[in-house]
1. Which of rounded, prolate or oblate describes the protein assembly as shown when judged by the alpha-carbon gyration tensor and an a/c cut-off of 1.5?
2. Once fully extended, how much extra length lies between residue A:238 and residue A:16, figured as 0.36 nm per residue of separation less the alpha-carbon to alpha-carbon distance?
3. Let me know the mean shielding of B:181-190 by other chains, meaning the per-residue number of their Cβ atoms within 10 Å of its Cβ.
4. If you project the alpha carbons of segment B:148-299 onto the principal axes, what extent comes out on each, in Å, largest first?
5. Any idea what the dipole of the protein assembly as shown comes to, in debye rounded to 20, about its Cα centre with Lys/Arg Cβ at +1 and Asp/Glu Cβ at -1?
6. Give me a single rounded figure for A:93-100: the average over its residues of other chain Cβ atoms within 10 Å of their Cβ.
7. Given charges of +1 on the Cβ of Lys and Arg and -1 on the Cβ of Asp and Glu, with all other atoms neutral, how large is the dipole of chain A about its Cα centre, in debye to the nearest 20?
8. Please build a GNM for chain A, connecting alpha carbons under 10 Å apart, and tell me which residue among A:223, A:127, A:149 fluctuates the most.
Amino acid sequence: MTDTLRTENLKVYYGEHEAVKGIDMTFAEQSVTALIGPSGCGKSTFLRSLNRMNDEIPGSRQTGNIWIGDKDINSSETDVTVLRQKIGMVWQRPNPFYKSIYENIAFGPKYHGIKNRKQLDQIVEDSLRKAALWDEVKDRLHTSALSLSGGQQQRLCIARALSVNPDILLLDEPASALDPISTSKIEELIGELKKSLTIVIVTHNMQQAARVSDFTAYFYLGSLMEYNETSIIFTNPSKPNTQEYISGRFG
Amino acid sequence: MKSNQDTPLLLRKHRTEEWIGRGYTTICVLFLIVIIISIVYFVATKGISTFAINNVSLSDFLFGSTWSPDDNKFGALPFIYGSFLTSLLAAVIASPLSVCAALFMTEIVPSWGKKLLQPVIELLAGIPSVVYGFIGLSILVPFMRDTFPGQGIGVAAGAIVLSIMILPTITSIATDALGALPRNLKEASYGLGATRWQTIYGVIIPTVLPSILTGVVLGMARAFGEALAVQMVIGNAPHIPTSLFESASTLTSVITLNMSNTVMGSVQNNALWSMAMILMLMTFVFVFVVRLLERRHKL
């Protein structure tokens, strides 16, 4: 189906500071890759660089290549608006627009040219179903998204990201602002979504990384220290630093 | 041990300080309240006496279109109409300019836009209104005379001068609102592949609209109450204008022009107070609308 996402010597600078120091990584399709590491290790910056969200931050620049198949998307020729439909993103704090539930989901498709009401209705329903939110909100699609609970808002944000039909989904600590029940719903959802999507998730929660991911990458000081199957990283890491981090001795 | 002995003394000292501070601020507040109530009371009694003592009918005053104190005709409709027309037009002209300026500062080039424009806008806000009026009279009016039909002075000239005067009000409120917008809303929009313009008109503007409207209402309130600059360029003819390039009057311009020509306690004088009362009531309405908008914004 999709083309594999791969980075080659990807570096991200904030001003003079090199936040991500040359990462080579290939992401397995239809699986979940977790990025872990102590605060400030560059994992979120790396994640944001994958759909060029760092472009929106003044003073940041990134070098190296990000390949989707044989296409380098880290070039000035790439139309980021098209790229970001292919690579969706969900943030740490739920950030629904101050609009109705329906309008939140229809926002993306509308601006990408879908005007037909029936088609939009279908997209809204499909996206909400995929995000396991449809049953909870189908009777109040036109009420404000802000009336939803935090967990529902986050699933709405996932549904919103799905509305433009991405191949890859980037999740930046999607459950860290949520209660345990909402968290487990999000995790369940991730397991469901990976059947059709490539998912990259940044998390501070070791158990979460162990539960939801197939592969785990350990970042430290802007470098990729270790990258392997999750079961191996958590049971038999090759580097002592990784071992110390996952067992909670620092970070 | 020593500090323990000092404690009751220190406590008393602190209590006295608290009491003095509290007493002083209370007196200041009471003073303000007394002043405000006195002004409202004074304007209201004066304004009402036109109808209660001089027996001018309220409907003749509000809806009569002839202002001729010598014939005992006190129709203030032309002035009420003039005030509303000029301030509405001023808001219509100023709002798009202000919102665009605010967007430029916060969204388009936040790095230097704000540094450059902020002082300019503060300067605009600080220019005395007589200067605006003078510039309007010397530059705008001749321009209007050459470009459009009529004498140059009139509703359009008044509205343009007012619109420039209220630009800073609307711009600074819109800038603050845009600056306070959560970053992650913009990210969400960019993350869906929306362009900057789509983000601005699809997410940013709708989200801060109540605040922008607050700015517009405050701007209108300022325009409604402005006297000097308008009076200098509007022409001050006491009739309802049929065209934008025709001379007209506002409540404020009539009051400033006539107040020194009337005798305190006369009907003419009281009628001016009635207009002042209308101005005051409109201010209350503007404040009320702003409060409503603020409350809606919180939801």
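Read-outs throughout are calculated quantities, based only on the coordinates presented, and are distinct from any laboratory measurement. Just so you know, these numbers come straight off a predicted model, no measurement behind them. With ideal geometry, Cβ positions are generated from the backbone for all residues, glycine too; neighbour counts draw on all protein chains shown.
1. Prolate, because a/c is 1.5 or more and a/b exceeds b/c.
2. Extra length from residue A:238 to residue A:16 when fully extended: 76.7 nm.
3. 6
4. 67, 37, 22
5. 840
6. Counting other chains' Cβ atoms within 10 Å and averaging over A:93-100 gives 5.
7. It works out to roughly 540 debye.
8. The residue with the greatest mean-square fluctuation here is A:149.
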